[in-house]
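*Asks:* Structure below; questions to follow.
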Amino acid sequence: MATPTSIGHVRSFHGLASFYRMFVRDFSTVAAPMTVVIKKNVPFSWGEVQEKSFNTLKERLTQAPVLALPGFEVMSEVECDASGLGIGAVLHQRKRPMAFFSEKLSGGSMRDLILTEAHGGGLMGHFGVDKTLAVVMEHFFWPHLKKDVERFCARCIVCHKAKSRLHPHGLYLPLPISNAPWVDISMDFVLGLPKIKHKDSIFVVVDRFSGTLHPV
């Protein structure tokens, strides 16, 4: 295939290559220079970076590996990598690739990825604005960071479902008085005790009516 000489040629090649992107490792990163060319309201400009991207993509398409079919009895592994341009991943079994994934990252998408991880990813518990902001600022900073965190937390669907938007009004009221044993109970855990027979915690149940305590 000859070198593209117009935006239409680049779009045709990029569209065809995108159809086989699952066979090409780091597709979005490799194709990023050509993606810039086909943006709206951008004059056609073809330089060394675009030529290198074009040739590399052609080479990888013609030498794409044969993807293996998944074996559900075999352990699957995912290898991930990231750069300033995008993120990529390979799903494989016994070192044989089954699928490739890649995505080009812009500044906005990179920030959303960081906020998602800091707010609800890994061991994060969908903390509030202050805690999420503190986690992000341990490693990152950008202008208007606090506003971005506030906006992200305000749009979190999980937080809206788990936390009531109603604020309590008036004085606190006493708990209702039980009229029969073991109808109204409270439960709690006592943790961090010295281990005895491989156990270091107690589950405590209290009957509010009689005050009877039942440790487990």
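*Asks:* Just to be sure before I move on: is residue 2 under 31 Å from the mean Cα position of the chain (by Cα) and either outside any helix (DSSP H, G or I) or at pLDDT 80 or above (or both) in the structure I sent?
*Replies:* So residue 2 fails the test.
*Asks:* Suppose the filter is of a type in the set (Val, Ile, Thr), touching a residue at least 12 places away in the same chain (Cβ under 8 Å) and surrounded by 17 or more Cβ atoms within 10 Å (Cβ to Cβ); does residue 30 pass it?
*Replies:* Spelling it out, residue 30 is indeed of a type in the set (Val, Ile, Thr), touching a residue at least 12 places away in the same chain (Cβ under 8 Å) and surrounded by 17 or more Cβ atoms within 10 Å (Cβ to Cβ).
*Asks:* While we're here: Under the condition of being out of contact with any Phe, Trp or Tyr (no Cβ under 7 Å at 6 or more places or on another chain) and assigned to a loop (DSSP other than H, G, I, E, B), which residue from segment 5-38 is nearest to residue 78 (Cα to Cα)?
*Replies:* So the residue we want is 26.
*Asks:* Among (1) outside any loop (DSSP other than H, G, I, E, B); (2) under 24 Å from residue 114 (Cα atoms), there is one condition residue 56 misses while meeting the rest; what is its number?
*Replies:* (2)
*Asks:* Further question on the same structure: Here are some residues: 165, 155, 151. Which one is exposed (fewer than 10 other Cβ atoms within 10 Å of the Cβ), within 30 Å of residue 111 (Cα to Cα), at pLDDT 85 or above and among the basic types (Lys, Arg)?
*Replies:* 155
*Asks:* From (1) at pLDDT 80 or above; (2) assigned to a helix (DSSP H, G or I), pick out the condition that doesn't hold for residue 205.
*Replies:* (2)
The values are calculated or read from the model by the stated rules, or taken from the named source; none is laboratory data. Predicted model only: the values in this text are computed from it and were never measured. So basically every Cβ, Gly included, is an ideal-geometry build from the backbone, and we count neighbours across all protein chains shown.
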